[in-house]
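Readers should treat all values here as calculations from the given coordinates under stated rules, not as data from a laboratory. All values derive from a computational prediction rather than experimental measurement. Quick reminder, even Gly has a Cβ in these numbers, built from the backbone with ideal geometry, and neighbours come from all protein chains shown.
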Amino acid sequence: MNLETRDRLSLTRKRQAVPQLKPRPTMSLLETSVGTEFALHATRPRDDTFQAGSSGWGMSESTLGAAGKFLAAVDGIYTAATDPAFWPQALQASADVFDDVGANLLWRRDDGSLGVILSPGLSPESATEYHDKWWPQDIRAHRSVERFFQNPGNALTDRHVVTPKEIDCHPIYTEFLAKQGLRWVAGTFVSPDPRTFVSMSIQRAIGKVPFSDDELDLLSKLAIHVERSLRLSIRLLEAELSNVGLGEALARIGIGVFALDSLKRIVFSNPAGERLLGDGLAVVNQRLLVSAHASELNALIERMIRANPADIAESPKPILIPRRRAERPLAVYVLPIASSISPAVEFLTHTRAIVLVIDPSGSEPADPTVVRDLLELTLSEARIASLVGAGLSPASAAEKLGITEETARSTLKRVFAKTGVSRQNELAALLAKLVLR
């Protein structure tokens, strides 16, 4: 990489080492279910590093306000896309949106391995205690699997999975959470790729009121940005960024990455992106060109380059680029570069937006996030639609997702109602019409 391309992507901030997210050994079906991710981790507040209510972006609490805190969290989330070491701070900023103790991300691959990132406001020691002792007793975790698919919204909290009596009497509340000074959790789920499922949880102290519906809606909106950022960030973590450096890590990952400057010129591309050129995607005069939806992509890139807070806070759909030599289109996402970088860093760097290009496998079900965004489904509905549309029976889809067949069928009925189809073969035809399978 020459000096010109040592832009935002190659300015790895030396704030801290990349969090150690070594995969755990394959676990039992119960532990590796989505439910484990919902309530994990109820962790003790820490007195050091971050203070609750501090965003870490150099802005006083009095000047932030609710909207400002949300934008600061989104800003941090996209900073973490290319600097995974920043995820703990981004999570703390997310917890600050709700004036809560802390937040965590737990991601699980389809092989059963797990990785965890905690905000500085949460204690790794109590997270270890939870893993070693408390997760089998966590009724919130184990009930949340079914509830996630049954809940018409995108976020869950205690009242969705436990009774008031259980909150007053169950050991997970009276012994573990009480010892940590915590009571409530709000969690939601994202899917940065078809093989990785991620939960994001906000931890709330004892003595505060439960999470409201408005707060759950706000968490769902925040989680969409987490999902988009994690598309790149998780792959960098898997490429052992802390050991090989960002340039080599980008060369290893399997999705296309194009870094663009303020004039939309390409200042960096990785080998996976270069391999996708020639069918639906091309580089002409240092700029990325697409065979379809060019004006839509250009408009989106311009919005991300401007980095207007209102534009960044929105969640645009992926842009699908059809190809002549492949049945499935390329899925294109555009990430902004954090708007809070200092004037000095802005002067010294080139990148203003990052384009991620994903080549879906033709032999696997459609990416549920793309199905969700295009058909306006919830993530749980999209996961069922993707599997059933690929030919799996509701029973097989339920087994794969760790839910009951009854829950799978009720979720499928909602999919049929929202998409205007009435049979599984009609759903498959709809996905094929959208070139999603």
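Observations
- Pairs spanning more than 19 Å between alpha-carbon atoms, out of K317/K413; K317/K400; K221/K317; K179/K208: K317/K413; K317/K400.
- Using the Cβ of I167 as centre and a radius below 15 Å, the other residues enclosed give a net charge of +2, where K and R count +1 and D and E count -1.
- The packing ranking of peptides 416-426, 137-147, highest mean first, is 137-147, 416-426, where packing means the average number of other beta carbon atoms within 10 angstrom of each residue.
- Rounded, prolate or oblate (a/c below 1.5 giving rounded, otherwise prolate when a/b exceeds b/c) for segment 90-129 by Cα gyration tensor: oblate
- Using 0.36 nm per residue and subtracting the Cα-Cα separation, the extra length available between N298 and K133 on full extension is 54.2 nm.
- Descending by average beta-carbon neighbour count within 10 Å, the peptides 299-307, 155-163, 181-189 line up as 181-189, 155-163, 299-307, the highest first.
- Size of charge dipole - segment 81-164 - debye, nearest 20, with Cβ of Lys, Arg +1 and Asp, Glu -1, no other charges: 320
- Cα gyration tensor shape of segment 70-225, rounded if a/c is under 1.5, else prolate or oblate by comparing a/b with b/c: rounded
- Spatial separation of Cα centroids for segment 110-180 and segment 202-232, in angstrom: 15
- Global form of segment 68-154, assessed from the alpha-carbon gyration tensor, a/c cut-off 1.5: prolate
- For the peptides 90-99, 210-219, 266-275, residues were scored by their other Cβ atoms within 10 Å and the scores averaged per peptide; the highest-first order is 90-99, 266-275, 210-219.
- A cut-off under 11 angstrom between Cβ atoms defines the neighbours of F416, and their net charge, with Lys, Arg +1 and Asp, Glu -1, is +3.
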